[in-house]
């Protein structure tokens with residue numbers, strides 16, 4: 001970083017587009033960027049995007065729209081995020097690190113730097129959220145997986161969370177063996193739409209397993225449109241547990257994470273099935 | 001657009017307000033804000049883990065408590081920064097500083113400046129915090145001497161003193 005020649009501080013997207021290049025480091029909350037690139041001798045330019053007008057949380061058509069520079073603290077304390085999805089967004093944000101980091105870390109940064117322990121990608125996947133990105137010339141809308149295919153070429157400007165899931169049932173928890181054994185952490189982020197005795201829609205997402213959130217459309221398909229009395233909760237829980245185990249087989253907390261997954265999925269399904 | 005350029009000495013020139021005083025200085029591109037503050041003589045802000053985990057280096061930037069070890073020094077450009085020295089001193093302590101001393105929350109004292117800055121942020125935002133609000137707010141300020149009980153008590157004492165004013 002000692003070879004940095006210029007730090008650009010654009011005030012709007014137009015100014016940003018004039019300095020946006022693949023070679024420059026984009027810096028927002030700085031919880032990730034600065035320490036990671038401190039010793040990078042190749043880096044010549046930094047674009048500090050803190051002044052871009054991307055810090056907002058609003059309701060727009062059928063979405064809750066969150067600006068990329070909104071911090072975890074902004075989301076946790078937003079009236080809109082507390083009101084919708086039974087406070088799921090707000091609750092999930094409160095699990096991010098500490099108050100001091102929640103004051104700095106941004107939604108955009110949390111998604112842009114893939115890390116197994118990041119919360120926002122898990123939340124976005126649970127709610128089928130889309131990302132509005134800017135490629136230097138125009139805006140486009142991407143799913144999370146599409147974004148990860150071209151993340152070095154675009155800037156996240158906002159996340160759009162569809163309100164059609166507003167009245168679903170939610171569960172979010174980060175569980176670990178002890179608070180300090182970070183390797184044992186596993187994130188559970190679940191959503192279900194249950195009408196009378198049938199599951200209309202369900203999404204069970206697991207974080208802290210691999211770089212991007214893990215979920216299984218195949219197992220979800222086994223539950224959708226079926227009468228809840230025909231669903232074998234133990235069997236489904238075991239399938240999820242096996243999935244976590246196989247992905248993290250080299251992990252020293254594999255058995256623990258497998259067991260926690262089994263119990264958590266079982267507990268959630270039993271609760272939503274009213275058993 | 002604002003542009004910060006390197007000068008002939010390889011330093012970036014910045015300007016900001018620190019505890020109410022205008023500062024104009026030059027910083028190395030890889031210097032942290034914590035290093036800059038301490039270089040300017042404000043040694044109350046402590047260097048602990050240097051990875052954003054312990055909260056010893058907490059300062060308030062534009063009204064928000066942040067860890068200064070994770071921020072580049074040039075981040076200060078145009079900002080209003082308050083460190084522990086900006087709150088009060090021995091002869092004229094801030095009610096939060098007094099509450100920490102009076103309640104016996106201070107043992108070795110290394111973590112206390114950071115805790116006090118986070119407490120200031122909390123009480124500015126929530127003048128009457130509950131126990132869980134206090135625990136949630138102070139969850140990034142680690143103390144290796146105490147069991148945190150006295151600090152929670154100190155925040156409550158400080159809150160009642162400030163609210164009485």
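The values are calculated or read from the model by the stated rules, or taken from the named source; none is laboratory data. Every value quoted in this text rests on a predicted model; they were computed, and no experiment measured them. In this analysis, Cβ positions are derived from the backbone assuming ideal geometry, glycine residues included, and neighbour counts consider all displayed protein chains.
Could you tell me whether residue A:105 is farther than 24 Å from residue A:138 by Cβ, in contact with a strand residue (DSSP E or B) (Cβ under 8 Å, 6 or more places away or on another chain), at the interface with another protein chain (Cβ under 10 Å from one of its Cβ atoms) and in contact (Cβ under 8 Å) with a residue 60 or more places away in the chain?
Numbers: farther than 24 Å from residue A:138 by Cβ: yes; in contact with a strand residue (DSSP E or B) (Cβ under 8 Å, 6 or more places away or on another chain): yes; at the interface with another protein chain (Cβ under 10 Å from one of its Cβ atoms): yes; in contact (Cβ under 8 Å) with a residue 60 or more places away in the chain: yes.
Spelling it out, residue A:105 is indeed farther than 24 Å from residue A:138 by Cβ, in contact with a strand residue (DSSP E or B) (Cβ under 8 Å, 6 or more places away or on another chain), at the interface with another protein chain (Cβ under 10 Å from one of its Cβ atoms) and in contact (Cβ under 8 Å) with a residue 60 or more places away in the chain.
Could you list all residues from segment B:131-165 that are part of a loop (DSSP other than H, G, I, E, B), more than 20 Å from residue B:83 (Cα to Cα) and touching a helix residue (DSSP H, G or I) at 6+ places or on another chain (Cβ under 9 Å)? Give the steps one after another, and end with the answer.
Taking segment B:131-165 first, the residues part of a loop (DSSP other than H, G, I, E, B) are B:141-148, B:165.
So of that shortlist, the ones also more than 20 Å from residue B:83 (Cα to Cα) come out as B:144-148, B:165.
Listed by number, the residues that qualify are B:148, B:165.
In segment A:187-223, which residues are in contact (Cβ under 8 Å) with a residue 24 or more places away in the chain, in a strand (DSSP E or B) and more than 19 Å from residue A:90 (Cα to Cα)?
Residues of segment A:187-223 in contact (Cβ under 8 Å) with a residue 24 or more places away in the chain: A:187-194, A:197-201, A:203-216, A:219, A:223.
Subsequent filtering for residues that are in a strand (DSSP E or B) retains A:187-194, A:198-201, A:203-207, A:214.
Passing the criteria: A:193, A:194, A:198, A:199, A:200, A:201, A:214.
Taking residue A:61, is it surrounded by fewer than 16 Cβ atoms within 10 Å (Cβ to Cβ), away from every other protein chain (no Cβ under 13 Å) and over 30 Å from residue A:193 (Cα atoms)? Give the derivation first.
Working: surrounded by fewer than 16 Cβ atoms within 10 Å (Cβ to Cβ): yes; away from every other protein chain (no Cβ under 13 Å): yes; over 30 Å from residue A:193 (Cα atoms): no.
The answer is no for residue A:61.
Which residue, of A:128, A:152, is more than 14 Å from every other protein chain (Cβ to nearest Cβ), in contact with a strand residue (DSSP E or B) (Cβ under 7 Å, 6 or more places away or on another chain) and assigned to a loop (DSSP other than H, G, I, E, B)?
On the way: A:152 fails: in contact with a strand residue (DSSP E or B) (Cβ under 7 Å, 6 or more places away or on another chain).
Criteria check complete, one pass: A:128.
Tell me whether segment B:54-69 contains one or more residues that are under 23 Å from residue B:1 (Cβ atoms), free of Cβ contacts under 8 Å to residues at least 40 places away in the same chain, facing chain A (nearest Cβ under 8 Å) and surrounded by 21 or more Cβ atoms within 10 Å (Cβ to Cβ).
Filtering segment B:54-69 down to residues under 23 Å from residue B:1 (Cβ atoms) leaves B:61-62.
Checking which are free of Cβ contacts under 8 Å to residues at least 40 places away in the same chain leaves us with B:61-62.
Narrowing the set further to residues that are facing chain A (nearest Cβ under 8 Å) leaves none.
Looking for residues that are under 23 Å from residue B:1 (Cβ atoms), free of Cβ contacts under 8 Å to residues at least 40 places away in the same chain, facing chain A (nearest Cβ under 8 Å) and surrounded by 21 or more Cβ atoms within 10 Å (Cβ to Cβ), one finds none in segment B:54-69, hence no.
Any idea how many residues of segment B:124-165 are closer than 21 Å to residue B:62 by Cα, buried (at least 22 other Cβ atoms within 10 Å of the Cβ) and away from chain A (no Cβ under 13 Å)?
Count: 0.
Only one of (1) in contact with a helix residue (DSSP H, G or I) (Cβ under 6 Å, 6 or more places away or on another chain); (2) more than 30 Å from residue A:28 (Cα to Cα); (3) surrounded by 14 or more Cβ atoms within 10 Å (Cβ to Cβ) fails for residue A:201. Which number is that?
Status for residue A:201: all satisfied but (1).
Restricting to segment B:21-45, count the residues that are surrounded by fewer than 21 Cβ atoms within 10 Å (Cβ to Cβ), closer than 21 Å to residue B:110 by Cα and in contact (Cβ under 8 Å) with a residue 12 or more places away in the chain.
Going residue by residue through segment B:21-45, those that are surrounded by fewer than 21 Cβ atoms within 10 Å (Cβ to Cβ) are B:21-26, B:28, B:30-31, B:35, B:38-44.
Next, only the ones that are closer than 21 Å to residue B:110 by Cα stay: B:35, B:38-44.
The next check asks that each one be in contact (Cβ under 8 Å) with a residue 12 or more places away in the chain; those that pass are B:35, B:40, B:42, B:44.
So the answer is 4.
Which of the residues belonging to segment B:1-20 are surrounded by fewer than 16 Cβ atoms within 10 Å (Cβ to Cβ) and modelled with pLDDT under 90?
Within segment B:1-20, B:1, B:2, B:3, B:5, B:7, B:8, B:9, B:10 meet the criteria.
Are any of the residues in segment A:124-133 at pLDDT below 95, surrounded by fewer than 17 Cβ atoms within 10 Å (Cβ to Cβ) and under 14 Å from the mean Cα position of the chain (by Cα)? It would help to see each step written out before you state the result.
Looking only at segment A:124-133, we keep the residues that are at pLDDT below 95, and these are none.
The answer is no; no qualifying residue exists.
Right, residue A:260: in the same structural domain as residue A:208 (by TED's automatic domain parsing), under 18 Å from residue A:188 (Cα atoms), touching a strand residue (DSSP E or B) at 6+ places or on another chain (Cβ under 7 Å) and at pLDDT below 85 or not?
no
Take the conditions more than 24 Å from residue A:98 (Cβ to Cβ) and facing chain A (nearest Cβ under 9 Å) and apply them to residue B:28. Does it pass? Reasoning before the result, please.
Values: more than 24 Å from residue A:98 (Cβ to Cβ): yes; facing chain A (nearest Cβ under 9 Å): yes.
Yes, satisfied.
Could you tell me whether segment A:90-102 includes any residue that is under 10 Å from the mean Cα position of the chain (by Cα) and assigned to a loop (DSSP other than H, G, I, E, B)? Talk me through it step by step, then tell me what you get.
From segment A:90-102, those under 10 Å from the mean Cα position of the chain (by Cα) are A:92-93; that's our starting set.
Now restrict to residues that are assigned to a loop (DSSP other than H, G, I, E, B): none.
No.
So for segment A:161-181 (the condition being surrounded by fewer than 24 Cβ atoms within 10 Å (Cβ to Cβ), under 15 Å from residue A:211 (Cα atoms) and in contact (Cβ under 8 Å) with a residue 12 or more places away in the chain), does at least one residue qualify?
no
Checking the structure you have, find out if any residue of segment B:13-20 is within 11 Å of chain A (Cβ to nearest Cβ) and touching a residue at least 60 places away in the same chain (Cβ under 8 Å).
Yes, segment B:13-20 has at least one match.
Do the conditions hold for residue B:118, that is, is it in contact (Cβ under 8 Å) with a residue 60 or more places away in the chain, buried (at least 20 other Cβ atoms within 10 Å of the Cβ) and either part of a strand (DSSP E or B) or outside the structural domain of residue B:157 (by TED's automatic domain parsing) (or both)?
Details: in contact (Cβ under 8 Å) with a residue 60 or more places away in the chain: yes; buried (at least 20 other Cβ atoms within 10 Å of the Cβ): yes; either part of a strand (DSSP E or B) or outside the structural domain of residue B:157 (by TED's automatic domain parsing) (or both): no.
No, not satisfied.
Counting only residues that are closer than 25 Å to residue A:18 by Cβ and at pLDDT below 95, how many does segment A:50-79 have? Spell out the reasoning first.
As a first pass, look at segment A:50-79 and keep what is closer than 25 Å to residue A:18 by Cβ: A:50-56, A:67-70.
Narrowing the set further to residues that are at pLDDT below 95 leaves A:50-51.
Of the residues in that region, 2 qualify.
Among the residues of segment A:1-47, write down those that are within 9 Å of chain B (Cβ to nearest Cβ), touching a helix residue (DSSP H, G or I) at 6+ places or on another chain (Cβ under 7 Å) and not in a loop (DSSP other than H, G, I, E, B).
A:7, A:8, A:27, A:34, A:35
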